[in-house]
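Heads up, the thing below is written out as structure tokens.
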Amino acid sequence: MSGQIDAPPRRRAGRMLPRMTALRRREALTGYLFILPAGIGLLAFFVLPTLRAAQISLTHWNLMRPAKWAGFENYARLWADAQFWDSMWITLCYVLYNIPVQTALGLLIAVLADRLAKSVALRAVIIAPYLISNVVAGLVWLLMLDPLIGMTNSFLGLLGLAPQGFLSSPDQSLISVAAISIWRHAGFTALLFYAGLQAIPKDLYEAARLDGASEAAMFRLITLPLLRPVLVFVLVTSIVGSFQVFDVIAVTTQGGPAGSTRAVLWYIYENAFQFSRMGYASAMSMVLFAILVLVTLAQMRLLRGDRSDLG
Amino acid sequence: MSGLELTQLQKSYGATQVIHGVDLTVEPGEFCVFVGPSGCGKSTLLRMIAGLEDISGGTLSIGGAPMNEVDPSKRGVAMVFQSYALYPHMTVRENMGFGLRFERVPKDQIKRRVDEAAEVLELSHLLDRKPKALSGGQRQRVAIGRAIVRKPEVFLFDEPLSNLDAELRGTMRVEIARLHKEIGATIVYVTHDQVEAMTLADKIVVLRAGQVEQAGTPLDLYDDPDNAFIAGFIGSPQMNMLGATVEAADGGRVRLRLDGIAAEPFEMPLAAPPAPGDRVTLGIRPEHLSTTGAVRMDLVLEIVEHLGSESLVHARSGTGPRLVMRLPDSRGLRTGLPVAAGFDPARAFLFDADGRRLR
């Protein structure tokens, strides 16, 4: 039928949304009911604490006495705090050690699992480290990387290599913490990529084979571009997660040796719970929050993660 | 252009054999259509020619050269997939030129060849679009264009029209026929649509359960089927199949009585008639049943399908089998009316109990 007959009068079109039918309203209500539990969780555990932290960041508060209004003093102090910026730098180095290797390793495992073996058992093994908590993973690796009694140095000895300091060496500690994180997360990353690979139609690879593309060319020209939305998701979540590295450091190095693993969250924790500077710690949290929002938006924008060529 | 030669071609998945020794020759420039019911192995056979499936036994030659172990991209074949298999993140131009990049064709030549193919397929104004922004028919043409620019020896089509609506399918069928005429390529085409097979093919190969049942020109298969399967498969509506009993046979003639239908016994010429008492199947095409004809049957009309220029009349005799007649004008016919149908025995086909044609 003609759209002209059904179209609403012109003067209404500009200022009114199309009226919802009763059915559409009921559907919308059902939709909202479905997301309500998640919405309540988000509000109670994310939005409200964030607002509360923003409020605390504008005060001096040592947990013992009532908070005193401080305005933007905490932010001014933070700006001049060399140790805060040092901890940001350490965190950034950790992200740079961690993310490229974790992402590349995850992608390699996923592609190999997809092209060579579609075994459920193999996928279970790949994801196994992710099922262990960070604390347990940290403890296990703390023992394995111990310079004196750890099996890693024994193994290096068998290969005729010199023993290393790992977590107790200021030069190697941050890399060691990153390695533990890579060990724990690469399998999960691989699983996300594996799921993304399943969405790429197999006949594209067949067409490419007939077109004369090598495996490497297919990976570069078909797999990577079509995996982009998953890649962006993995990068955003893992970069945000890496900026918030805490538990492995708490178990293994506690910011040491010589402050070499004092990542920003550990520095915030020290200020909040060792020096009782809740206002200052909250101000640092807000700055970290703002940085992560910017990093995420930039990534989404640059990599067009919200748009898929598939489907 | 090169021809194809399949010699005792076999395919097994583990212990299960799916292609049982196919022998076939496709002449250079010939349009060969594989047709058959689902699961008959027609797509598998095409993929074996393409190199996407390994060959378990026998020999495949293209242009006289054995191809069993040759990489798919070096066989001189290009394939159009049922799903089109267009690269969704590339433009039409990039899709069409993709294969040429790997043949190390210079960029200006790639551009020229893509432009030429786009012109033939009326795609020139769509070259900068991505597949998502194209209609089904346009995507199909891009898929064909991607094959054309590579200038292959043999084109392979895997049910290329099955995702299109009926009208577009008709248009694309004509396009493909025109293309074949224009570039004179050797084409192997898989379909389960017998109208496509009949209209496009120089040669139809009917497959069943991994074996070639019969190969020949469309009219050969229609007019002279080797068995009841081919007779039933080629032609729409299907050939009427009626049970009959041999009453007498001698001197190159056979006398038959139809089972379950009120009709007089009748005689047919047959070089090697079966023995009296044998059960046989009589096949009559719907257009060979009429209101006249030497052998008369009294039927009751059940359903009339008016197609405009002609009608399909479904009628039956008591509890006997239902027959379909193709009648030129039947506007006066109504459900429940008696119909006097008849046929000329010389136009009927006879099959033995195993479905083999009796000639």
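For the range B:208-244, the set of residues classified as among the acidic types (D, E) and free of Cβ contacts under 8 Å to residues at least 40 places away in the same chain consists of B:D220, B:D223, B:D224, listed by residue number. So which residues in the range A:46-76 are without any contact (Cβ under 8 Å) to a residue 12 or more places away in the chain and under 17 Å from A:F275 (Cα atoms)? Across the range A:46-76, the qualifying residues are A:R65, A:P66, A:K68.
Take the conditions surrounded by fewer than 17 Cβ atoms within 10 Å (Cβ to Cβ) and away from every other protein chain (no Cβ under 14 Å) and apply them to A:L167. Does it pass? In short, no. Of the residues screened, B:G97 is one that is within 11 Å of chain A (Cβ to nearest Cβ), of a type outside the set (S, T, N, Q) and in a helix (DSSP H, G or I).
A:C93 passes every criterion in (1) assigned to a helix (DSSP H, G or I); (2) surrounded by fewer than 12 Cβ atoms within 10 Å (Cβ to Cβ) apart from (2).
Within the range B:144-163, is there a residue that is surrounded by 15 or more Cβ atoms within 10 Å (Cβ to Cβ), among the aromatic types (F, W, Y) and over 30 Å from B:Q238 (Cβ atoms)? Yes: the range B:144-163 contains one or more residues that are surrounded by 15 or more Cβ atoms within 10 Å (Cβ to Cβ), among the aromatic types (F, W, Y) and over 30 Å from B:Q238 (Cβ atoms). Quick one: would you say A:T252 is under 26 Å from A:G138 (Cβ atoms), open to solvent by 10 Å² or more (accessible area, probe 1.4 Å) and modelled with pLDDT of 90 or more? In short, yes. Of the strands (runs of 3 or more DSSP E) lying entirely inside the range B:1-58, those carrying at least 1 residues that are surrounded by fewer than 20 Cβ atoms within 10 Å (Cβ to Cβ) are B:4-13, B:16-26.
Given the criteria in contact with a strand residue (DSSP E or B) (Cβ under 8 Å, 6 or more places away or on another chain) and buried (at least 20 other Cβ atoms within 10 Å of the Cβ), does B:A85 qualify? No, not satisfied. Taken residue by residue, the range B:315-333 has no member that is among the hydrophobic types (A, V, I, L, M, F, W, C), touching a strand residue (DSSP E or B) at 6+ places or on another chain (Cβ under 8 Å) and loosely packed, with under 15 Cβ neighbours inside 10 Å. Against the test of being under 25 Å from B:H288 (Cα atoms) and part of a helix (DSSP H, G or I), the options B:L242, B:L221 yield a single qualifying residue, B:L221. Filtering A:R262, A:R220 for residues that are touching a Gly at 6+ places or on another chain (Cβ under 6 Å) and either of a type in the set (A, V, I, L, M, F, W, C) or open to solvent by 20 Å² or more (accessible area, probe 1.4 Å) (or both) leaves a single hit, A:R262.
The values are calculated or read from the model by the stated rules, or taken from the named source; none is laboratory data. Not measured: the values here are computed from a predicted model. Neighbour counts are summed over all protein chains in view; Cβ atoms, including those assigned to glycine, are modelled from backbone coordinates with ideal geometry. Side chains included, ligands, DNA and RNA excluded: accessible areas come from the protein's heavy atoms. Shrake-Rupley method; radii C 1.70, N 1.55, O 1.52, S 1.80 Å.
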